[in-house]
Amino acid sequence: MDYRNQQPMWSSTRESAAPVDAGLRAYMLNVYNLMASALALTGITAYAGANWEPLRNALFNLDGIHPGLTGLGWLVMFAPLVMVMVLGAGINRMSLAAAQATFWAYAGVMGLSLSSLFFVYTGESITRVFFITAIVFGSMSMWGYTTRRDLTGMGHFMMMGVFGIIIASLVNLFLHSSGLQFAVSVIGVVAFTGLTAYDTQKIKGMYYQLAGSGDMAAKFAIMGALNLYLDFINLFIYLLRFMGDRRN
């Protein structure tokens, strides 16, 4: 059953709708606060990985023209993929404390894996693109929250685009085609812009399904924040490819 547009039975009266709306606002605010805090942690660890010398030397081999990864750097690069799979597959069996710890650890390690961006793009352009991403993300998330249109079909279509991005990126590891890379970046911006609206609506729908379920609702708030966090990070990376000023 799709709960995306389903309203609780008690929301039919004006008197009882107010508490439900207040609960939804509080739930969504919690999700956004988790996502924003995770982004802040990612930004801090990314900056530290690029600028704090002991950590930078542990992650990168800077002897050549282009920084290469150390053994720890490679581990950090692939760790977020493993962690997000563990969180997604095992959150129902995890305690709330374990889910929270995994979420924060993921955000921190993701920052370390993104610290190499500071070697490729100028700090000014990274900051500029971050704020552009925030505007795009905020606009699409607001639309997903307020629209009465069912975005399920659009979400599935955007997910097909994400799978296409993954396949094309793997192929381009061997082809090294600039044209294919440009196409992947375009599709990436479109896909994660659309997914921002879809995921926001899905999180809103989950509130009606899980309201009052205690720890389960709190754990799904974490997963909702994780989905929006990933939408933001991916949108930021693809926009950075277009708008970022590369270092000489």
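The values are calculated or read from the model by the stated rules, or taken from the named source; none is laboratory data. Computed from a predicted structure; not experimentally measured. All Cβ positions, even for glycine, are placed from backbone atoms using ideal geometry, and neighbour counts span all protein chains on display.
Computed quantities for the displayed model
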{"item": "LEU180, sole failed condition from (1) touching a residue at least 60 places away in the same chain (Cβ under 8 Å); (2) surrounded by fewer than 18 Cβ atoms within 10 Å (Cβ to Cβ)", "result": "(1)"}
{"item": "Residue match in segment 195-207 (condition: farther than 30 Å from GLU53 by Cβ, among the aromatic types (Phe, Trp, Tyr), surrounded by 13 or more Cβ atoms within 10 Å (Cβ to Cβ) and in contact with a Phe, Trp or Tyr (Cβ under 6 Å, 6 or more places away or on another chain))", "result": "yes"}
{"item": "Residue that is under 15 Å from MET35 (Cβ atoms) and either modelled with pLDDT of 95 or more or of a type outside the set (S, T, N, Q) (or both), where the choices are LEU239, LEU226", "result": "LEU226"}
{"item": "Any chance ARG93 is without any contact (Cβ under 8 Å) to a residue 60 or more places away in the chain, assigned to a helix (DSSP H, G or I) and basic (Lys, Arg)", "result": "no"}
{"item": "Tabulated pairs, segment 220-233, first under 13 Å from PHE137 (Cα atoms), second modelled with pLDDT of 95 or more and among the acidic types (Asp, Glu), C-beta under 9 angstrom, 6+ apart or interchain", "result": "ASN227/ASP199; LEU228/ASP199; LEU230/ASP199; ASP231/ASP199"}
{"item": "Whichever residue in segment 53-90 is assigned to a helix (DSSP H, G or I) and more than 25 Å from the chain's Cα centre (by Cα) and, among such residues, is surrounded by the most Cβ atoms within 10 Å (Cβ to Cβ)", "result": "ALA58"}
{"item": "Close pairs from segment 140-168: first closer than 17 Å to PHE232 by Cα, partner polar (S, T, N, Q) and part of a helix (DSSP H, G or I), Cβ under 6 Å, at least 6 apart", "result": "MET140/THR193; MET140/THR196; SER141/THR196; SER141/THR200; GLY144/THR200; GLY144/GLN201; TYR145/THR200"}
{"item": "Among the candidates MET154, MET110, residue that is touching a Phe, Trp or Tyr at 6+ places or on another chain (Cβ under 7 Å) and assigned to a helix (DSSP H, G or I)", "result": "MET154"}
{"item": "Residue count, segment 126-151 (criterion: among the aromatic types (Phe, Trp, Tyr) and not in a helix (DSSP H, G or I))", "result": "0"}
{"item": "Hey, VAL186 assigned to a helix (DSSP H, G or I) and over 30 Å from ALA98 (Cα atoms) or not", "result": "yes"}
